1. Work out the charge dipole of segment 117-244 with +1 on the Cβ of Lys and Arg and -1 on the Cβ of Asp and Glu about the Cα centre, then indicate which of H225, L208, G179 is farthest towards its positive end.
2. Starting from 0 in steps of 10 Å, tell me what percent of the Cα-Cα pairs of segment 46-89 lands in each bin.
3. Based on DSSP loop calls and a cut-off of at most 15 other Cβ atoms within 10 Å, the longest stretch of the chain free of exposed chymotrypsin sites (Phe, Trp or Tyr not before Pro) is what?
4. Take the residue pairs K222/K446; K87/K380; K186/K302; K87/K222; K57/K87 and return only those whose Cα atoms are more than 24 Å apart.
5. In the chain, which cysteines lack any other cysteine Cβ under 4.7 Å from their own?
6. Please list, by residue number, everything in segment 262-281 whose backbone N is under 12 Å from a paramagnetic label point 7 Å out along Cα→Cβ of R320.
7. Rg and Dmax in Å for segment 325-395, alpha carbons only: what are they?
8. What does the net charge come to around R205 if you take all other residues with beta carbon closer than 13 Å to its beta carbon, with K and R at +1 and D and E at -1?
Amino acid sequence: MSRILLVSSNTTIDPFPVYPLGMAVVASALASAGHTVDQFDFLMEGESEDVFRNRIKGFEPDFVCMSLRNLDNCDSLTATAYPVVAKRLVELVREVWAVPVIVGGPAFSILPEELLAFTGADYGIVGEGERLVCELIQELSQGRTSPRILRNQGLISGQDMISPLYSADMVSYYVEQSGMINLQSKRGCAHGCIYCSYPSLEGKRYRLREPGAVVDDMERAKQEHGVDTFFFTDAVFNDDGGHYLQVVEEILRRDSAFRWACYVRPEGIGRNEVSLMKRAGMYAAELGTDAACDRTLRGIGKGFKFADALEVNRIFVAERVPCAHFVMFGGPGETLETIEEGLANLELLENTVVFAFTGLRILPDTPLHTLAIQEGVLAKDAPLHEPAFYHSPQVDRAVMDAMISNSFQGRRDRFFPPETSHRVRTVMSRFGYKGLLWDSIIRFPKIPVLPST
Ligand code: B12
Ligand code: SF4
């Protein structure tokens, strides 16, 4: 059996520091296979290179497994590239310890060849890592060779998804920094929004964890680490098949007092569902509204209409659960006319927060990538590890930015450009607020607004 040092290279603190769940799941798989594991979080260790060197020397690993979460911040106005941190960490391993470095994680899985070359790691695993990392380490430990990049042949079933191995120190750090840790109740997304990498990262079909196993994880985290606040990292929490309601009912059945937030697709969810979720502890939801009018929603393949988002917003307000909408301007089909229509639509969204972005991050193997090449927005062989964005050729970017800024001016519940939300967060953090933070901005009307249906 081997000694394995797992490393989280994610140092992003915007919108808040996020518990490295992928690393915790991979650590759990390796520990279950009998290996001795240690988890190192570069962010939590103050990004100290010395601490990292000493940890490697102290632990004497046979393998280093490094997680790469983010490529960039997806903001076309302040784009920052993150894999440079992982590259530096690989260099530091090389300086002090001669062992294979294996990389994985969402950022790596989106651009495996580029990031393996860029970071200088030895091996990389595309997609979910639990099974392949154990197989790779077994092969290498027995002196056998392996391809440098490994891909899953099939995805693991919901029942085989294991619980994360939360580290006590890291839970304390993330609860202190952001008031929550995270958990997954299923993988996959059955929708096909043209810019989105989630279906290729997690699969196009939902793979559902047993609701009891999900709530067991929450209870264990509470008992072992005293944490009661979670973010469900599922691409879409409210799946059409209603698995999410089983999870919610299981939480209610156990009468456990948890607080949790999740991503909601603003369609197919009614007041009864939101009410049930609230009773089970949902304290906020992030809505993947994504575009602001029907033409641009169609342009990115959302499959719902703005009226659906409006209705779901009314339901959340009626239930007095804070929700926030994230919308992108400048996507396929955007014109000055659709921007005007979209901004007018956003004004209809009351008692909520809206975060606007301009430009859509182009990720490989997405229909948006193909479209961008067809429309001449991106060169065919343009590298994608540096932030690349789709901007509708029918819109002048400066005009679009000015229109959004003017429309949001003077409102504390509308954020554009995205860095304004960062500034507000920084100030709020100084005053001791932590967590999603946008949820504390929302004020509900005294008399609840009833949804129209
Ligand atoms: C939930 C989520 C969020 C939530 C997180 C809330 C929370 N408290 O956890 C919020 C909304 C806060 C968020 C914010 C951001 N996010 Co986000 N987020 C996600 C999402 C949907 C799930 C991530 C997750 O936890 N998955 C569950 C874990 C178990 O899976 P995993 O990490 O992928 O790990 C598996 C594999 O990758 C692999 N693996 C992981 N590590 C390792 C290591 C090794 C060695 C190996 C072998 C394998 C391996 O095995 C694991 C188990 O199978 C993903 C999209 C997706 N579907 O993956 C985007 C995603 C990770 N986010 C992304 C981005 C960009 C961001 C932001 C920068 C956006 C922004 N500007 O605000 C911020 C950064 C936040 C931060 N501090 O890092 C991108 C990253 C890639 C990219 N394009 O750069 C993704 C992929 C979405 C996308 N656009 O494509 N995010
Ligand atoms: S944007 Fe949301 S709903 Fe659309 S494919 Fe991605 S995860 Fe699924």
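1. Result: L208, furthest along the dipole toward the positive end.
2. Values per bin, smallest distances first: 22, 43, 24, 10, 1.
3. Working: sites that count: F431, Y433.
Result for the longest clean stretch: 1-430.
4. On the way: K222/K446 34 Å; K87/K380 26 Å; K186/K302 21 Å; K87/K222 35 Å; K57/K87 19 Å.
Beyond 24 Å between Cα atoms: K222/K446; K87/K380; K87/K222.
5. That list is C65, C74, C134, C189, C262, C293, C323.
6. Hits in segment 262-281 for R320 at 12 Å: none.
7. Just the Cα atoms of segment 325-395 yield Rg and Dmax of 13.9, 44 Å.
8. On the way: positive: K186, R187, K204, R207; negative: E202, D239, D240.
Cβ neighbours under 13 Å give a net charge of +1.
None of the figures in this text is laboratory data; all of them are computed from the coordinates on show. Everything numeric here is computed off the predicted structure, so don't read it as measured data. We place every Cβ from the backbone using ideal geometry, glycine too, and count neighbours over all the protein chains shown.
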